[in-house]
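Trainee: What follows is a structure written as structure tokens; I'll ask about it next.
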Amino acid sequence: EEARSLLDQMEKLEKAMAMPSVTLQYQLNLGNYELYCGQLEKAAEAMEKALAILEEYYGKDHSYYSTLNQLAIILQRQKRFDQAKEAYEQVLRFGQDQVYFNIARNNYAVLLMDMGRPEEAMPHISKVLSVARQQGGIALGEALRNQARAMGLLGDTGQEAQCLQQALPLLTEAYGPEHPRVADE
């Protein structure tokens, strides 16, 4: 409720100022709000508007690809897998050597598994794990959880169980024992 109120205030400010930077911030916040609320069409529309502003006024820089990553997440949740795949691939081409984009690589691996292609996800999971092992915590827990899923999809239940055993304490610490990502495991 508070977020909606702030968004309404931001919208009034955006209309009054009519500046690309203010419109950009409004669209980004609106997109994330709608994603949180499960309004995926509205979230995608806001992110697409934000991307257009970023490209026109700022170029295709880090902010552009971070926003494209958000759009890819939305497209993935909408089960628009081909469009999500294309977006993630653009993000990864830009940020292939940047730690920040390890989350995008992780999301891309999940997308490939969602598409029934766990064998294609494995090289990405390996790259994610190499960075996540240095980070520890939730980053490592999520990467191990996704490796477990891939192993299960590939029929290696022994490896799946081993990865889950490693992931569970990290995910429990990050999310708490009642969180669905912990309880489901």
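Trainee: In this structure, does residue 41 turn out to be exposed (fewer than 14 other Cβ atoms within 10 Å of the Cβ) and within 30 Å of residue 120 (Cβ to Cβ)?
Mentor: Judged against the criteria, residue 41 is a match.
Trainee: Looking at (1) at pLDDT 95 or above; (2) under 19 Å from the mean Cα position of the chain (by Cα); (3) more than 27 Å from residue 35 (Cα to Cα), which is the one condition that is false for residue 165?
Mentor: Among (1) at pLDDT 95 or above; (2) under 19 Å from the mean Cα position of the chain (by Cα); (3) more than 27 Å from residue 35 (Cα to Cα), residue 165 violates only (2).
Trainee: Could you tell me whether any residue of the range 72-93 is outside any helix (DSSP H, G or I), open to solvent by 60 Å² or more (accessible area, probe 1.4 Å) and either at pLDDT below 95 or more than 27 Å from residue 39 (Cβ to Cβ) (or both)?
Mentor: No, there is no match, as no residue in the range 72-93 is outside any helix (DSSP H, G or I), open to solvent by 60 Å² or more (accessible area, probe 1.4 Å) and either at pLDDT below 95 or more than 27 Å from residue 39 (Cβ to Cβ) (or both).
Trainee: Residues being open to solvent by 90 Å² or more (accessible area, probe 1.4 Å) and within 15 Å of residue 30 (Cα to Cα): count how many of those fall in the range 49-70.
Mentor: Result for the range 49-70: 1.
Trainee: Still on this structure, I have one more. Pairs only if they're at least six apart or on different chains, beta carbon under 8 angstrom, first in the range 169-185 and open to solvent by 50 Å² or more (accessible area, probe 1.4 Å), second not in a helix (DSSP H, G or I) and not aliphatic (A, V, I, L, M); list them, first residue then second.
Mentor: What qualifies is 183/177.
Trainee: Still on this structure, please answer the following. Considering only residues that are β-branched (Val, Ile, Thr) and modelled with pLDDT of 95 or more, which ones fall in the range 102-127?
Mentor: Scanning the range 102-127 gives 110, 125.
Trainee: Still on this structure: Inside the range 94-116, can you point out the residues that are outside any helix (DSSP H, G or I) and either of a type outside the set (D, E, K, R) or within 15 Å of the chain's Cα centre (by Cα) (or both)?
Mentor: Selection gives 96, 98, 115, 116.
Trainee: Go through (1) more than 30 Å from residue 116 (Cβ to Cβ); (2) within 13 Å of the chain's Cα centre (by Cα) one by one and return the number of the condition residue 67 breaks.
Mentor: (1)
The values are calculated or read from the model by the stated rules, or taken from the named source; none is laboratory data. Owing to the predicted nature of the structure, the values given are computational and were not obtained by experimental measurement. Neighbour counts are summed over all protein chains in view; Cβ atoms, including those assigned to glycine, are modelled from backbone coordinates with ideal geometry. Quick note on the areas: whole protein, heavy atoms, side chains included, nothing else; ligands and nucleic acids left out. Shrake-Rupley method; radii C 1.70, N 1.55, O 1.52, S 1.80 Å.
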